[in-house]
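All remarks here apply to the structure that follows.
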Amino acid sequence: MGAGAEAEEPVDRELLRRMQRGEEAALEALYARYAGLVYTLALRVVGDGELAREVLQDTFLRSWDGADSYDAARGRVAWWLMGIARNGAVDLLRSRPHQARLREQGRLSQALAAADASASPAVAIATSAITNALATLSPAQRAAIELAYYGGLTQTEIARELNEPVGTIKSRTRDAMERLRKALGPRDR
Amino acid sequence: MTADHHDDIAADLAAYALGSLSAAERARVDAHLATCTDCADQIARYREIVGALPLALVPAMPPRAGWDRVRAALHARADAPSRPLSVPADADESHAPRRATARTGGQRVVRWARIARWPAIAAVLVALGMWNVVLERRLASSPAPPEVEALSRRPGRLVILQGAERPNASARIFVAVDGHHGHMAISGLNPLPRARTYQLWFVPKNAPAESGATFGVDARGRAWVTITVARSLDDVRAIFVTEEPAPGSRRPAGKPLLAADAWR
């Protein structure tokens, strides 16, 4: 599994190198690999399909423009892309009167929900790993993570929302990340 | 660098990786990371976790013509496509564009690659390449345009419930901005036997109580619950949690264990 994981990154970095040379086909390949995840993340943050589409488009345009600013020392291409998406979504959330953009939408069925049962074993295992790791968090810790990452709130804003001291929020956030690290990392000897 | 200063920065690293610091706080951490390999290592570990968080989300179908729109926007732009933009490398919003060359340091590259060998993270990373392929196949085979369920999102409303009958219990409800979905974080309730369940109620101003969720708590009295909000909170006069016979009641039979005084 580890060997497979490391095989993914060279593919992504090669795509970025080709994008730096102006190869549109490389951007299309990157889109094919990550559009679903980017869109899912964007939708989670902005909560509106049309805005999420804007974030999706903006993310890949920014990845095209910023391909030569990607710093391999800072992490994987996939995380770099998710960072662009997440930050773009949070910026959009903060810059527009969000409530005014929402339309009356009935609850729609999710086409993929039933299909998840037949997802590949690797996807199921990975989803299970993250889901199980998140399940080790207390409700307050999970809220801290979600408000920070998906909500785009600073620690001070979260403290204000929850009427708790900033120090408490920072400790809770750090404890939550440490729990996730222990759940996902190698066992301590 | 004093030990106190280092501890202060260390306290902010998780928030930094999540993109949850103010600009001033970020700049302070950035300055420290330039000189502290321990903290830089910690950030690298946190970045791997943050990067994987979206995999826990329920997948949503990207729009069918998404790539066409990207390509059209790319072709329509007047600027040279190779003009570099200052884009954040990740959620911590460091804005210094840097060339992705070996000069960034083989040791720093190895740092996150070593972390990527953690078994669970490795599984996550392999799945990334397959995740989108699975979605694309579904998209191609779907006979109708995909529909996406509204996910919980940045909280539009926050409701705090205190223990009316359980002083040590509390709950926080985060209602999404669309007003119909949300999550509830509970603590301090006792685990129930199989035949019983906790139930969240919203009582409209001129109608009977409506159920928002039924749930149990873990051995530590905690739960994280997805809830349904059938109507606007502006039309609700009471919100509370009761204990009911499993799998839940049509109308609340138990006494309110947790109740909200007010909400905004």
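The values are calculated or read from the model by the stated rules, or taken from the named source; none is laboratory data. Predicted model only: the values in this text are computed from it and were never measured. All Cβ positions, even for glycine, are placed from backbone atoms using ideal geometry, and neighbour counts span all protein chains on display.
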> If only one of A:ALA3, A:ALA100, A:ALA85, A:ALA114 is more than 7 Å from chain B (Cβ to nearest Cβ), part of a helix (DSSP H, G or I) and modelled with pLDDT of 90 or more, which one is it?
Replying inline: A:ALA85
>> I'd like to check something: does region B:20-27 contain any residue that is among the charged types (D, E, K, R), surrounded by 13 or more Cβ atoms within 10 Å (Cβ to Cβ), over 17 Å from A:PHE60 (Cα atoms) and touching a residue at least 40 places away in the same chain (Cβ under 8 Å)?
In response: yes
> Do we have A:ARG21 as surrounded by fewer than 21 Cβ atoms within 10 Å (Cβ to Cβ), of a type in the set (D, E, K, R) and at pLDDT 90 or above here?
Replying inline: yes
>> Which numbered condition in (1) more than 8 Å from chain B (Cβ to nearest Cβ); (2) outside any helix (DSSP H, G or I) is the only one that A:GLY22 fails?
In response: (1)
> Filter region A:48-71 for residues that are in contact with a Lys or Arg (Cβ under 7 Å, 6 or more places away or on another chain) and in a helix (DSSP H, G or I); which is nearest to B:GLU48 (Cα to Cα)?
Replying inline: A:SER69
>> Within region B:127-135, does at least one residue satisfy the condition of being within 13 Å of chain A (Cβ to nearest Cβ), surrounded by fewer than 19 Cβ atoms within 10 Å (Cβ to Cβ), at pLDDT 85 or above and under 27 Å from A:ILE130 (Cα atoms)?
In response: no
> Which ones in region A:165-178 are under 19 Å from the mean Cα position of the chain (by Cα) and more than 7 Å from chain B (Cβ to nearest Cβ)?
Replying inline: A:ALA176, A:GLU178
>> As an exercise: evaluate B:LEU233 against (1) in contact (Cβ under 8 Å) with a residue 60 or more places away in the chain; (2) more than 23 Å from the chain's Cα centre (by Cα) and give the number of the one condition it does not meet.
In response: (2)
